[in-house]
Every structure is written in C-alpha cells, then in structure tokens.
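Step one of this worksheet: look at the structure below.
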Amino acid sequence: TTPTFALPPTGAPPAEVDPKTGRRKSAKAEAAAVQERIAPRKRVTDDEDTLDEAAPETNPGAMSASQDDEDAPRFIKRELPRPRGRFTRVEAQRLSFFELTRAEGKATLEAAIEATEHRYSLLRTLEHRYNGPRGELTQVDMENVLRQHGIMETLEAQEKRNLQTAYASQRGAAGRVAWALGLSPSELQRLTHALLLEEEVEALRERFRNEVLATSHLTHRLDLLGKDKYLADLGIQKRFTESLRKELERLVKDSMSDATDLHSLANVVGRKHGAPAELVTRAFERLGLTEKLRKQLSSQTVNPSH
C-alpha cells in the first residue's frame, strides 16, 4: 500500500484570538500587534526611574521586589586584625612607669643615658617604652626618677661636655650647635639655662667674635663674607662688612693705577695680597662697590694724567 500524508490547509491562516475578549482579531489589529512587537523599545531614562522610585504605589511589582531585597540576608565585612608580616611595624606595648622606679630600673636608665646626648633625646627614647604615672611620660617624671636613683648628676655632666664640645667645634654658632645636637633653638636655650652655662657659652661666643673681627688674612676675611648666617648668628654681620669694606677701599686705592677694568683690578688686588681674584670680585658685588669702582676706572681712562 502507498502511504498517504496529510496536506497543509490551503486556506488563509486562522486569525489570532484576543485572550481578553475571546474574539478573533481583525486584520488591522493583527497588523498593529505585529508592528508593536517589531518596533524598537523605548529606553527608560533616569528621570523616569526617579519618578518610579518616588511613586512606588503605582508599581506594586517593584515594591514587592524591593521588599524581597530588604528581606534578603546581607553580608557585612568583618573587621580583620592588621597584618603582622615580617616587615609590618607594630608598636611594642609600653611598660609601667614603676618599672623605672625599682632598683632594676637604674641600670636601664644608666644605659639609656650613655646612648643619648641630652635629656630631650633621653625623654624621646623612654616615652616609647614606658608610660608615665598619669598617662604619657613627661620630662618632670623622668627627671624625678633620675634624682631618685642619684644619676641626674651623671646626665648633667654629660650634657655639659656635649654642649662645650659642640660650641667649640661650631665656633660659637648657636644655630649649628642646636642642629648638631638635634635640638630646637628653644630647647638649646632651656638646656643652657638648666645647666647654668649661659655665662660660659657667652664668653665662648665672644671669643669667636673677636677672632673673626681681628683676623688680618684677606682670603679668610673674603671667605667669611659669604657666611651670612654664621655672622648673623654671632651678631657681628654689620660690623664685619663695614670693616671689610673700608679695608677693600684702601687696597683698591693703592692698586687703581695698575688696572683698566674691574676684572683686572680684582686680579691686581688678589695678586698683591695673596687672595683669589674670584673672591675679590664677589666681595666687590656683595659690598656694593661695583658701580663706584667702574666709574673711577672709566674716569681714569678718560683722564690718564690724573
């Protein structure tokens, strides 16, 4: 027997049925539905989203979804401890102040005194390791415990040696002394007063003032002219510059006839008195003698008979 197959219907396709009314859609309605399906969808803007959020009662589905989000479990990030790796810096726990007041604390304080230059650096060392009796360790607390152990005199003797050495090596400049010892200017002043070294320090500074003003070597004086901060620290900058200006004017007067310009004048003065010509030229500029000397040299060129 020959198999037979059902043929597709030759008529028009059945019209779609409206699910709401149960009636067949007309050709016009079907075309509108197809057009609606294939038309591009309108993009929702941020303003419309804001309006939807402001009026949640108009969208019960969104309201229920937001309630579901609120009911969903939330995962809160735990506060984990800080890492303690090989290179992590962790502050050591401070010890009690009363550890320093015991007999064993004397050896600790003596070792700390040997490793420091003055009481301020000693305090900075101890305050990282020990608490004070009422919170932070203060200088008064530290000095009291040093006197209790009878080693305050040891610290003061070491401070005096360090101050005397620093003032001698820095040639009386208080600013350089403070920098060398790691002190602020106010700390240096308080330390000098506490050690009763004010008269000794002032006498030492006066000695260096007299040395600077009394030096007769021209090269040394020209070199000191460039050290404004040092001269100002000693309080003799004005006196020194006035003295050097008068000396240079005298030397230039004796050498003016052998020079034709400022450069040759500096060479002549330097050669006669054993000073570098560069320092002489710099002194002319710093002391404000350049224009005056140029006028004198130009007038000498115009009137060679004079």
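The values are calculated or read from the model by the stated rules, or taken from the named source; none is laboratory data. No experiment lies behind these values; they were computed from the predicted model shown. FYI the Cβ positions are ideal-geometry reconstructions off the backbone, even for glycines, and counts take in every protein chain you see.
Take the stretch 256-287 and flag every residue that is within 18 Å of residue 246 (Cβ to Cβ) and touching a Gly at 6+ places or on another chain (Cβ under 6 Å).
Matches in the stretch 256-287: 280 only.
Take the residues in the stretch 170-206 that are part of a loop (DSSP other than H, G, I, E, B) and free of Cβ contacts under 8 Å to residues at least 40 places away in the same chain; name whichever of them is nearest to the chain's Cα centre (by Cα).
Among residues in the stretch 170-206 that are part of a loop (DSSP other than H, G, I, E, B) and free of Cβ contacts under 8 Å to residues at least 40 places away in the same chain, the one nearest to the chain's Cα centre (by Cα) is 184.
Looking only at the stretch 168-193, count every residue that is more than 15 Å from residue 234 (Cα to Cα) and touching a helix residue (DSSP H, G or I) at 6+ places or on another chain (Cβ under 8 Å) and tell me the total.
Of the residues in that region, 9 qualify.
Please list, ordered by first then second residue, the pairs with beta carbon atoms under 7 Å, 6 or more apart or interchain, first in the stretch 94-119 and surrounded by fewer than 14 Cβ atoms within 10 Å (Cβ to Cβ), second of a type in the set (S, T, N, Q).
Taking only residues 6 or more apart or on different chains, the pairs are 96/131.
Condition (residue is more than 30 Å from residue 181 (Cβ to Cβ), at pLDDT below 95, surrounded by 18 or more Cβ atoms within 10 Å (Cβ to Cβ) and not hydrophobic (A, V, I, L, M, F, W, C)) applied to the stretch 199-218: is it met by at least one residue?
The answer is no; no qualifying residue exists.
Name the residues in the stretch 122-168 that are in a helix (DSSP H, G or I), of a type in the set (Ser, Thr, Tyr) and crowded, with 16+ Cβ neighbours inside 10 Å, would you?
167 - this is the single residue of the stretch 122-168 that is in a helix (DSSP H, G or I), of a type in the set (Ser, Thr, Tyr) and crowded, with 16+ Cβ neighbours inside 10 Å.
Of these, 128, 149, which one is over 27 Å from residue 212 (Cα atoms), in contact (Cβ under 8 Å) with a residue 24 or more places away in the chain and either touching a helix residue (DSSP H, G or I) at 6+ places or on another chain (Cβ under 6 Å) or of a type in the set (D, E, K, R) (or both)?
149
Can you tell me which residue within the stretch 242-257, out of those that are closer than 19 Å to residue 278 by Cβ and touching a helix residue (DSSP H, G or I) at 6+ places or on another chain (Cβ under 7 Å), is modelled with the lowest pLDDT?
Residue satisfying both the conditions and the ranking: 255.
For the stretch 209-280, which fully contained helices (runs of 4 or more DSSP H) count at least 1 residues that are among the polar types (S, T, N, Q)?
So the answer is 218-225, 237-255, 262-273.
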